[in-house]
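Novice: Please see the structure below; I have some questions.
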Amino acid sequence: MNTEKHLGNWIKEVAGEYPLMIAGPCSAETEEQVLATAREMKDKRIQVYRAGVWKPRTRPGNFEGHGKKALPWLKKVKEETGMKIAIEIANAEHAALAMEYDVDILWIGARTSVNPFAVQEIAEAIKGTDKIILIKNPINPDLALWIGAVERFYKMGIKKLGVIHRGFSSFRPGNYRNDPQWQLALDFKTKYPNIPMIIDPSHICGRRDCIQDMAQKALDLKYEGFMIETHINPDEAWSDAKQQVTPARLTEIITALCLRKQQFQDPVVVDQINFYRSQIDELDNELLELLSERMNLAQKIGELKKEKNVAVLQRNRWAEIMEKAKQKGVSLGLSEKFINRIFNSIHQESIDNQEKILNR
């Protein structure tokens with residue numbers, strides 16, 4: 001799949017040279033709201049109008065969308081503004097209705113992409129379509145599951161594919177509604193560079209104040225587009241009010257985005273960058289050697305634990321290591337969050353190695 005260079009050709013056809021911009025309300029609430037929002041967005045660098053027609057909600061009793069009733073409203077948006085239209089689909093029936101109303105872009109939501117059975121059902125229902133299909137990352141951080149969802153559509157002869165990075169659910173409270181886990185998304189981009197990746201900063205942030213910063217970071221990481229929830233009156237929105245922006249604010253965000261150069265042009269700067277990179281390569285080698293030495297010591301401790309029949313996890317010792325690491329790391333200018341991620345990974349590897357020794 002990664003050798004198919006044509007998979008991303010559609011994005012230039014839709015967006016030209018500027019990054020793709022998909023925007024519109026979380027939910028299509030009324031015909032008036034849908035059209036008023038679209039009219040405010042017309043001719044503002046927005047190529048695609050999105051709106052939630054079916055809304056998969058966590059708990060029953062919340063607004064779950066108007067379904068088929070809202071599709072003619074979107075068709076009017078397309079006819080009046082010239083923008084393409086996009087909706088989320090979650091089953092084969094939704095797909096058939098989207099085709100009937102000539103929806104240009106269909107996206108598979110995070111709650112659907114986590115279910116291979118649902119993804120396969122939709123892929124078979126739209127086999128061979130010329131529509132653009134975007135797949136959001138699953139709600140859980142599972143790269144293989146995300147790739148698998150994309151592959152199911154590809155195997156059905158669908159060649160206009162893209163993915164949406166909307167963050168991942170986490171049981172730990174954090175700064176964002178959904179944890180970005182940038183490295184996982186970048187791993188996808190590295191594996192499949194010809195499949196366009198779009199950022200959904202609205203769902204990652206969960207609030208409107210950090211959407212611009214999130215969008216700029218994605219642009220810096222060479223994402224090809226954005227999906228930003230936009231509402232004519234966000235505070236009165238029927239769903240996800242806190243993360244939606246007004247059309248005027250969306251224009252400000254788009255205007256403020258800075259397109260970076262793809263490569264360094266100045267040969268003097270290139271030489272300087274290469275010098276720094278060579279130093280990083282040396283330090284990386286040293287880090288790997290030190291980690292190997294650390295694991296060897298952890299294995300020796302594992303042998304002693306096996307000999308004396310002692311449990312692998314020693315909570316007091318682990319708490320002591322973490323406290324010292326955070327204090328030292330912060331004093332060296334490293335963030336506590338970064339220290340936690342690094343040392344948790346090291347600790348897990350040590351535990352895994354010692355478990356193997358104890359159960360040998």
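Novice: I'm trying to understand the selection: among the residues of segment 151-185, which are among the small types (Gly, Ala, Ser) and buried (at least 20 other Cβ atoms within 10 Å of the Cβ)?
Specialist: Scanning segment 151-185 gives 162, 167, 185.
Novice: So, one more: Could you look through segment 175-234, keep only residues that are closer than 19 Å to residue 257 by Cβ and β-branched (Val, Ile, Thr), and pick out the one that is nearest to the chain's Cα centre (by Cα)?
Specialist: Filtering first and then ranking leaves 199.
Novice: Another question about this same structure. When segment 110-128 is examined, which residues are found to be within 16 Å of residue 139 (Cα to Cα) and of a type in the set (Val, Ile, Thr)?
Specialist: Within segment 110-128, 112, 114, 119 meet the criteria.
Novice: Moving to a separate point now. Name every residue in segment 98-129 that is out of contact with any strand residue (DSSP E or B) (no Cβ under 8 Å at 6 or more places or on another chain) and more than 22 Å from residue 145 (Cβ to Cβ), in order of residue number.
Specialist: Scanning segment 98-129 gives 99, 100, 101, 102, 128, 129.
Novice: Moving to a separate point now. For segment 129-150, enumerate the residues that are farther than 21 Å from residue 97 by Cβ and either surrounded by fewer than 22 Cβ atoms within 10 Å (Cβ to Cβ) or not assigned by TED's automatic domain parsing to the domain that holds residue 178 (or both).
Specialist: Once the filter is applied, which keeps residues that are farther than 21 Å from residue 97 by Cβ and either surrounded by fewer than 22 Cβ atoms within 10 Å (Cβ to Cβ) or not assigned by TED's automatic domain parsing to the domain that holds residue 178 (or both), segment 129-150 yields 139, 140, 141, 142, 143, 144, 145, 147, 148.
Novice: Here's something else I'd like to know. Return the total of residues in segment 246-264 being assigned to a helix (DSSP H, G or I) and exposed (fewer than 14 other Cβ atoms within 10 Å of the Cβ).
Specialist: 4
Novice: Within segment 99-110, identify whether any single residue is on the phi > 0 side of the Ramachandran plot, in contact (Cβ under 8 Å) with a residue 12 or more places away in the chain and out of contact with any helix residue (DSSP H, G or I) (no Cβ under 9 Å at 6 or more places or on another chain), and answer yes or no.
Specialist: Checked against the condition, which is being on the phi > 0 side of the Ramachandran plot, in contact (Cβ under 8 Å) with a residue 12 or more places away in the chain and out of contact with any helix residue (DSSP H, G or I) (no Cβ under 9 Å at 6 or more places or on another chain), segment 99-110 yields no hits at all.
Novice: Please go through (1) part of a helix (DSSP H, G or I); (2) closer than 28 Å to residue 169 by Cβ; (3) touching a residue at least 24 places away in the same chain (Cβ under 8 Å) for residue 77 and return the number of the only condition it doesn't satisfy.
Specialist: For residue 77, the exception is condition (2).
Novice: Tell me, please, whether a residue that is assigned by TED's automatic domain parsing to the domain that holds residue 78 and at pLDDT below 95 can be found in segment 116-128.
Specialist: Yes; the residues of segment 116-128 include at least one that is assigned by TED's automatic domain parsing to the domain that holds residue 78 and at pLDDT below 95.
Novice: Here is a further query. Of everything in segment 186-245, what is surrounded by 15 or more Cβ atoms within 10 Å (Cβ to Cβ), touching a Cys at 6+ places or on another chain (Cβ under 9 Å) and more than 25 Å from residue 35 (Cα to Cα)? Give them in sequence order.
Specialist: Answer for segment 186-245, where residues must be surrounded by 15 or more Cβ atoms within 10 Å (Cβ to Cβ), touching a Cys at 6+ places or on another chain (Cβ under 9 Å) and more than 25 Å from residue 35 (Cα to Cα): 204, 214, 216, 219.
Novice: Under 8 Å by Cβ, and 6 or more places apart or on different chains, what pairs join a residue from segment 35-62 that is of a type in the set (Phe, Trp, Tyr) with one that is surrounded by fewer than 16 Cβ atoms within 10 Å (Cβ to Cβ)?
Specialist: Note: pairs meeting the criteria are 54/64; 54/67.
Novice: Here's another thing I want to ask about it. Are there any helices (runs of 4 or more DSSP H) wholly within segment 102-219 with 1 or more residues that are closer than 23 Å to residue 6 by Cβ and not hydroxyl-bearing (Ser, Thr, Tyr), and if so which?
Specialist: Because the criterion is at least 1 residues that are closer than 23 Å to residue 6 by Cβ and not hydroxyl-bearing (Ser, Thr, Tyr), the helices (runs of 4 or more DSSP H) in segment 102-219 that meet it are 116-125, 143-154, 182-191.
Novice: For residues in segment 104-115 being at pLDDT 95 or above and not hydrophobic (A, V, I, L, M, F, W, C), which is farthest from residue 92 (Cα to Cα)?
Specialist: Only one residue fits best here, namely 104.
The values are calculated or read from the model by the stated rules, or taken from the named source; none is laboratory data. Predicted model, so just to flag it, every value in this text is computed and none were measured. Cβ sites come from the backbone with ideal geometry, for glycine too, and all protein chains shown count toward neighbours.
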